[in-house]
Amino acid sequence: MSTPATSTMNYLSERINQMQESATIKMAKMSRELKAQGKDIIDLSLGEPDFDTPQHIKDAAKEAIDKGYTKYTPVPGYPELRKAIAQKFKRDNNLDYSIEQIVVSTGAKQSIANVVMSLINPGDEVLLPAPYWVSYAAIAELAEGKCIEIPSTIDTNFKVTPDQLEKHITPKTKLIIFSSPCNPTGSVYSKTELSGIADVLKRHPNVFVLCDEIYEYINFTGEKHTSLAEFSDIKEQVITVNGFSKGFAMTGWRLGYIGAPLAIAKACDKMQGQITSGTCSIAQKAGEAALLTDITPSLKMVEQFKKRRDLVYALLKDIPGLKVNLPDGAFYFFFDVSSYFGKSYNGKTLNTPEDISLYLLSEGNIALVSGESFGDKTCLRMSYATSEEKLTEACKRMKAALAQLL
Ligand code: PMP
Ligand code: GLU
């Protein structure tokens, strides 16, 4: 007789059996379990601001409940929220999107899934400048797209060049999934670099680009954020994705959105009309308040992130054998640990970032995410969206644990 586990695998779909579990969520789950067992884990795995949602946003949600915003909303979102998003696109990005071009979803994650499901046919090539956020590949594979990585390393601050991009485009390329500021690397493309990417896309009008701008506000370069859709020659090829999770510390509210060419927005509306009927009414009213009121609380969080980045950079540079760069945005470090490959602990040799991350979890009590699921074979990702005390202690633990490897 088969074991329960095997028989489960037999009746579940190929689609779900083939899917990788999200590495970020898996690591966060593992560290929650260890904490529940009483272990003193410092969890730097999940990319989630530690700040609370600003009070005026919470108040807007309470008011929404009292005013009866408790029914199904229009599938792509309340018109007043979509109007606020259109104003935000104009105010922050100099982009003109009509409200029909805007679709609000249950987190930017669902926005991305809607777009990919709406564009990708089996066998279409999806280009992923690597390292990339874990869910891009999983979602593209769910749509039976073929993921093609465009590699980059820490030596080029994990950025791909226009030339590299051009070389990876084939007649089968349908979509590029791009993020700046980038998760997991924190890299930010300058306007000049983006202009080079836009020039390539202009030569390939059948290729779309999903431009994930969820970390837009968390940018320390001093240069104003540039959206790829601002390059007017390629605007009809770009789907701009954004959300509230990072810039407004609203991860649990599950609110994201796109600005897109009309046909793509309509397709995403149709898709979620069958899958979710649109996102939570109360979260939508909160999102409207976030966009229409002063964004000072967001800017204050960004100042804190910058301070923490500078602190962690100094601490990581002090650990022998790590190769670290200074990330310009988001709230992650993505550092190279390959000098520790081949070293051992208790007779076990560590050969991959995953081996090192599991070692650091069990021996150092720190949770980081290994590079493999971001399309990288040498690095670990650290989220620094936590207090300076915890970050200092985590780096101390990491230094001590790595020093024990022989
Ligand atoms: N894109 C990137 C690059 C992210 O890091 C995240 C983090 N969750 C998302 C999209 C999805 O955000 P959410 O679904 O919370 O809006
Ligand atoms: N985006 C965050 C991360 O990369 C949250 C977890 C997730 O949705 O993957 O950690």
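Quick note: the coordinates plus some simple rules give every number you see, no bench work behind them. Bear in mind the structure is a predicted one, so any value in this text is a computation, not a measurement. No Cβ is skipped: glycine too gets one built from the backbone with ideal geometry, and neighbour counts run over all protein chains shown.
Just a few scattered comments:
- Antiparallel %, DSSP beta bridges [both residues in the chain], to 5: 50 percent
- To the nearest ten degrees, helix 23-36 and the longest principal axis of the Cα atoms of the chain are 60 degrees apart.
- Semi-axes of the equivalent ellipsoid for the range 240-280, computed as √(5λ) from the eigenvalues of its C-alpha gyration tensor and ordered from largest down, come to 21, 14, 4 Å.
- Tensor-based shape of the chain (alpha-carbon gyration tensor, a/c under 1.5 rounded, otherwise prolate or oblate): rounded
- Taking a ≥ b ≥ c as the square roots of the eigenvalues of the Cα gyration tensor, an a/c ratio of 1.5 or more together with a/b no larger than b/c marks the range 130-215 as oblate.
- Inter-probe distance in nm under a simple model that places probes 7 Å from Cα toward Cβ, at Lys396 and Gln37: 2.5 nm
- To the nearest ten degrees, helix 79-93 and the longest principal axis of the Cα atoms of the chain are 60 degrees apart.
- When each of Lys67/Lys235; Lys26/Lys396; Lys29/Lys270; Lys167/Lys317 is checked by Cα-Cα distance, pairs over 28 Å: Lys67/Lys235; Lys29/Lys270; Lys167/Lys317
- Whole-Å distance, taken between Cα centres, linking the range 46-114 and the range 226-295: 7 Å
- 0 to 90° range, to nearest 10: angle between helix 55-66 axis and the chain longest Cα axis: 50 degrees
- Evaluated at q = 0.15, 0.21 Å⁻¹, the base-10 log of the normalised Debye intensity for the range 74-230, with identical point scatterers placed on the Cα atoms, takes the values -0.85, -1.56.
- Calculated mean residue ellipticity at 222 nm for the chain: -13000 deg cm²/dmol, from DSSP H runs with n ≥ 4 weighted as -39500 (n - 2.57), summed, divided by the residue count and rounded to 500.
- In the calculated pair-distance distribution of the range 183-243, the portion above 13 angstrom amounts to 61 percent of the Cα-Cα pairs.
- Over 19 Å (Cα to Cα) - which of Lys90/Lys174; Lys39/Lys377; Lys224/Lys306 fall in this group: Lys90/Lys174; Lys39/Lys377
- For Asp66 and Asp294, a Förster radius of 30 Å and the Cβ-Cβ distance give a FRET efficiency of 0.85, rounded to the nearest 0.05.
- FRET efficiency, 1/(1 + (r/R0)^6) with R0 30 Å, evaluated for Gln304 and Arg91 via beta carbons: 0.80
- 15 Å reach of a label modelled at Tyr345, 7 Å along Cα-to-Cβ, counting backbone N of the range 155-187: none
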